[in-house]
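What follows is a set of notes on a single structure, which appears directly below.
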Amino acid sequence: MISTPYLICSILSFVPAIVCHEACHGFAAYKLGDPTAQRAGRLSLNPLKHIDPFGTVIMPLLLMAMNMPVFGYAKPVPYNPAYFKDARKGDLIVGLAGPAANLALAILGALVFTAVSMLLPVNVLAQNDLFYYFYTMFLPMFSLINLYLMFFNLLPIPPLDGSSIFAFFLPKKYLPQYYKVQRYAMPVFLVVVLLVPYVLHFNPIGIYLDVTAGNVFDLLFSFAG
């Protein structure tokens with residue numbers, strides 16, 4: 001049974017993570033000369049502008065109910081590489097902008113956690129439920145969810161950001177075939193994410209996130225003592 005504080009902290013962590021992620025995609029494209037995201041209203045920090053019904057709501061709730069790492073995705077920000085001086089380089093920068101935003105937020109959460117741990121003893125925090133949950137639950141969860149989103153989106157599977165990064169390093173002669181594969185990659189990936197752990201009791205994405213996000217999380221929070 002999911003506790004109310006856990007659910008609230010999860011939502012308050014996940015929503016800003018995906019909003020900043022997507023807004024930074026759009027902002028990066030805008031700075032490179034592409035007004036597409038701006039015209040579509042996707043530079044906004046309004047969560048309603050970025051929500052994907054399945055990737056932002058249903059999928060994270062299913063993962064939470066299955067006691068799996070909470071991650072997901074929002075509506076991909078529209079952009080037009082034709083506006084970029086160098087289309088492949090611009091595509092790479094836009095692709096990296098979202099994960100970079102999540103990394104920055106994860107570091108911010110760890111810095112606040114470390115600062116609080118140095119300034120206030122736990123017994124003082126325990127005297128106020130709100131501050132106690134903020135310190136012991138929200139800040140670690142905020143950083144961890146941002147790291148989950150970062151590494152999840154770095155996977156080279158459309159429409160995740162890693163597909164743009166992977167395409168940058170792929171020789172041009174293979175790009176047409178890669179773009180054809182993109183159309184079928186996401187449905188297969190979702191089957192792997194949601195059904196394989198349930199049916200086979202083996203969770204490759206969870207293992208990947210433990211190795212990547214988990215280790216970075218441990219490093220960031222190791223300074224709190």
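Measuring between their Cα centroids, region 15-45 and region 112-180 lie 18 Å from each other. Along region 209-217 the Karplus relation, 6.51 cos²θ - 1.76 cosθ + 1.60 evaluated at θ = phi - 60°, assigns HN-Hα couplings of 5, 5, 5, 8, 4, x, 6, 5, 4 Hz to successive residues, with x for each Gly and Pro.
Compactness ratio of region 1-80: Cα Rg over 2.2 N^0.38 Å, N = residue count?
On the way: Rg = 14.2 Å, N = 80, 2.2 N^0.38 = 11.6 Å.
Here the answer is 1.22, to two decimals.
Working note: Cα gyration tensor of region 4-222, eigenvalues times five, square-rooted, sorted largest first, giving semi-axes of 32, 21, 16 Å. Counting only alpha carbon atoms, the long axis of helix 87-119 and the longest principal axis of the chain meet at about 10°. Work the Kirkwood hydrodynamic radius out for region 152-225: mean of 1/r over every pair of different alpha-carbon atoms, inverted, in Å. After inverting the mean inverse Cα-Cα distance, the result is 14.3 Å.
Once a ≥ b ≥ c are taken as the square roots of the eigenvalues of the Cα gyration tensor of region 42-126, is the result rounded (a/c under 1.5), prolate (a/b larger than b/c) or oblate (a/b not larger than b/c)?
Oblate.
A helix-only calculation puts the chain at -19500 deg cm²/dmol for mean residue ellipticity at 222 nm, using -39500 (n - 2.57) for each DSSP H run of at least four residues, averaged over all residues. Excluding same-chain neighbours fewer than eight residues apart, the aspartates and glutamates reachable from Lys31 by a Cα-Cα span under 19 Å are Glu22, Asp86, Asp91, Asp161. Taking the Cβ of Ser44 as the centre, find all other residues whose Cβ is under 15 Å away and add up their charges (Lys, Arg: +1; Asp, Glu: -1). That works out to +3.
For Lys180, no aspartates and glutamates have a Cα falling under 13 Å of its own Cα, not counting residues fewer than eight places away in the same chain. Name the residue, out of Phe202, Phe151, Phe71, whose mean-square fluctuation peaks in a Gaussian network model built on the chain with Cα pairs under 10 Å. Ranking Phe202, Phe151, Phe71 by mean-square fluctuation puts Phe202 first.
Candidate cross-link partners of Lys173 among the lysines, defined by an alpha-carbon separation under 28 Å and a same-chain spacing of 8 or more, comprise Lys85, Lys89. Relative to the first principal axis of the alpha-carbon coordinates of the chain, what is the inclination of helix 175-194, with its axis defined by its Cα atoms, in degrees from 0 to 90 and to the nearest 10? Orientation of helix 175-194: about 30 degrees from the principal axis.
Quick note: the coordinates plus some simple rules give every number you see, no bench work behind them. None of these values were measured; they are calculated from a predicted model. Ideal geometry is used to build each Cβ from the backbone, glycine not excepted, and the neighbour counts take in all protein chains shown.
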